[in-house]
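The values are calculated or read from the model by the stated rules, or taken from the named source; none is laboratory data. Remember, predicted model here, so these are calculated numbers, not experimental data. For neighbour counting, all protein chains shown are included, and Cβ atoms are generated from backbone atoms with ideal geometry for every residue, glycine included.
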Amino acid sequence: MSDAIVVTTTLAHKEEALSLGKLLLKKRLIGCAQVSSPVHSLYWWKGEIEQSEEYCLVMKSSASLWEMLEEEIRLNHPYDVPEILATPVAAVSKEYEQWLLEELRK
């Protein structure tokens with residue numbers, strides 16, 4: 001099992017997703033991030049079914065940085081209750097994992 005994790009969150013605006021990704025990169029809490037095209041989200045909020053267009057921010061990091069990464073996302077996310085999900089990586093190429101861990105250590 002790898003120490004790598006994939007962390008996702010969603011934001012209402014592309015600029016917010018790019019800004020959060022850059023902030024987390026500068027703090028070396030993630031090695032890279034991708035911002036998706038708008039996705040259509042459906043969810044419960046305050047007793048009602050909501051529908052919105054959001055941008056998905058997908059980030060690669062290390063399980064050892066999870067607590068700091070989650071806290072930084074929480075502090076800089078505009079939502080009251082942001083989606084912050086971490087998925088462990090079952091397998092990863094040695095070269096990619098080495099690159100990722102080197103970038104997180106700098």
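General remarks:
- For first residues located in segment 1-13 and in contact (Cβ under 8 Å) with a residue 40 or more places away in the chain and of a type in the set (Val, Ile, Thr), partners that are surrounded by 15 or more Cβ atoms within 10 Å (Cβ to Cβ) and assigned to a loop (DSSP other than H, G, I, E, B) and lie 6+ apart or on another chain with Cβ distances below 6 Å form the pairs Thr9/Pro82; Thr9/Glu83; Thr9/Ile84; Thr10/Glu83.
- In segment 77-88, the residues that are closer than 20 Å to Ser62 by Cβ reach residues that are loosely packed, with under 11 Cβ neighbours inside 10 Å with C-beta atoms within less than 9 angstrom, at least six apart or across chains, in these pairs: Pro88/Met1.
- Scanning segment 1-35 for residues that are loosely packed, with under 15 Cβ neighbours inside 10 Å and farther than 23 Å from Leu75 by Cβ yields a single hit, Met1.
- Scope segment 34-47; condition more than 17 Å from Ala12 (Cβ to Cβ) and either of a type in the set (Ser, Thr, Tyr) or in contact with a helix residue (DSSP H, G or I) (Cβ under 7 Å, 6 or more places away or on another chain) (or both); matching residues: none
- Residue count for segment 23-47, restricted to those that are among the aliphatic types (A, V, I, L, M), part of a strand (DSSP E or B) and without any contact (Cβ under 8 Å) to a residue 12 or more places away in the chain: 1
- Search result, residues across segment 50-69 that are touching a residue at least 40 places away in the same chain (Cβ under 8 Å), surrounded by 15 or more Cβ atoms within 10 Å (Cβ to Cβ) and under 17 Å from Ile5 (Cα atoms): Cys56, Leu57, Val58, Met59, Lys60, Ser61, Ser62, Ala63, Trp66, Leu69
- Top-ranked residue in segment 64-96 [being among the aromatic types (Phe, Trp, Tyr) and more than 23 Å from Glu53 (Cβ to Cβ); ranked as modelled with the lowest pLDDT]: Tyr96
- Test result for Glu50, modelled with pLDDT of 95 or more, touching a strand residue (DSSP E or B) at 6+ places or on another chain (Cβ under 9 Å), acidic (Asp, Glu) and in a loop (DSSP other than H, G, I, E, B): no
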